[in-house]
Amino acid sequence: MLRTAASDAGRAYKQQLLDLLDIQAGQTALDVGCGPGTDLPALAERVGDSGMVIGVDRDPAMLIQARERTGDLDQVEVREGDVHALPLVPGTVDRAKADRVLMHVAEPADALAQLHRTTRPGARVGLAEPDWDTLIVDTEDLETSRAFTRFITAEIVRNATIGRSLARLAEQAGFHVDTVLGTTPVFQDFHEADHTLGLGRNMQKAISDGHIDRDRGRRWFDGLSQGPFYASFTLVSVICSR
């Protein structure tokens, strides 16, 4: 479920998120849950040599990759830390983003409070999260598709419907919501969807855990590769200001 950004629609929403953040040269930009540092070079290009980019993640393996990816970028600093206790001085960040991070954290409201604490007045923050309740997979067996989506939202993703709550949670954290956008990544290639959404892997887990009948689940998955394929979900992006 984490590979959404690799699709065409994923790349488009990430570019849109960066554009709406309106990052300026000389600013300090924060990437919360930076993972392997995929977005850090793009942030560094926008802040320029006079700015600073801080990537924060708690996974040691991700931190290694992020540091390797940005080793030649002097304005990038990668820090180990948790989104619930960001390792930054309060009021020092001009631009921040959290992309598909809040769906995994223990307390999204606390994470947003941390973002509010670390940003300065006038700062801009970009948030992007899926709403996995909107995941649809076209098959003749509609009930199994619905059962698959229910399994994803109930058992696989911690905060599966966080996308729809972003604007409300951001306002509750003290931000002013400027823009709310919905993007619908569409998959017409079965293999891309299976890789990105984990259709086979998650169906097998649903069967193993007793949520979907084995024969019915296998027929559902085997039928996806036969003929035209369609799957989609909604990803919500919110731009807010301090």
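The values are calculated or read from the model by the stated rules, or taken from the named source; none is laboratory data. All of these numbers come straight from a predicted model, not from anything done at the bench. Note that we place each Cβ from the backbone using ideal geometry, even for glycine, and neighbour counts take in every protein chain shown. Keep in mind that these areas ignore ligands, DNA and RNA; they rest on the heavy atoms of the full protein, side chains included. Shrake-Rupley method; radii C 1.70, N 1.55, O 1.52, S 1.80 Å.
Tabulated values for the structure
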quantity	calculated
Of all accessible heavy-atom area on the chain, the percent that carbon and sulfur account for (1.4 Å)	46 percent
Mean shadow area of segment 16-92, taken as a quarter of the surface of its Cα convex hull (nm²)	4.9 nm²
Fraction in percent of alpha-carbon pairs per bin - 5 Å, segment 74-196	2, 9, 17, 20, 16, 12, 10, 7, 4, 2, 0
Relative contact order for the chain, counting Cα pairs under 8 Å that sit 6 or more residues apart, in percent	22 percent
Distance (nanometres) between label positions extended 7 Å along Cα→Cβ at residue 178 and residue 213	5.3 nm
Local net charge near residue 87, Cβ-Cβ under 14 Å (Lys/Arg +1, Asp/Glu -1)	-2
Helical mean residue ellipticity (222 nm; -39500 (n - 2.57) per DSSP H run of 4+; nearest 500) of the chain	-11500 deg cm²/dmol
Cα-Cα separations in the chain greater than 23 Å, expressed as whole percent	51 percent
Set of segment 198-242 residues, backbone N closer than 13 Å to the point 7 Å along the Cα-Cβ line of residue 164	234-236
1.4 Å probe accessible area per residue over the chain, in Å²	46 Å²
Percent RCO, i.e. relative contact order, over segment 92-189, from Cα pairs under 8 Å lying at least 6 residues apart	31 percent
Counted charge near residue 211, where neighbours are those whose Cβ lies closer than 13 Å (Asp, Glu -1; Lys, Arg +1)	+1
Residue 212 accessible area, 1.4 Å probe, all protein chains in place, Å² to nearest 10	10 Å²
Segment 164-242: relative contact order in percent, alpha carbon pairs under 8 Å with at least 6 residues between	56 percent
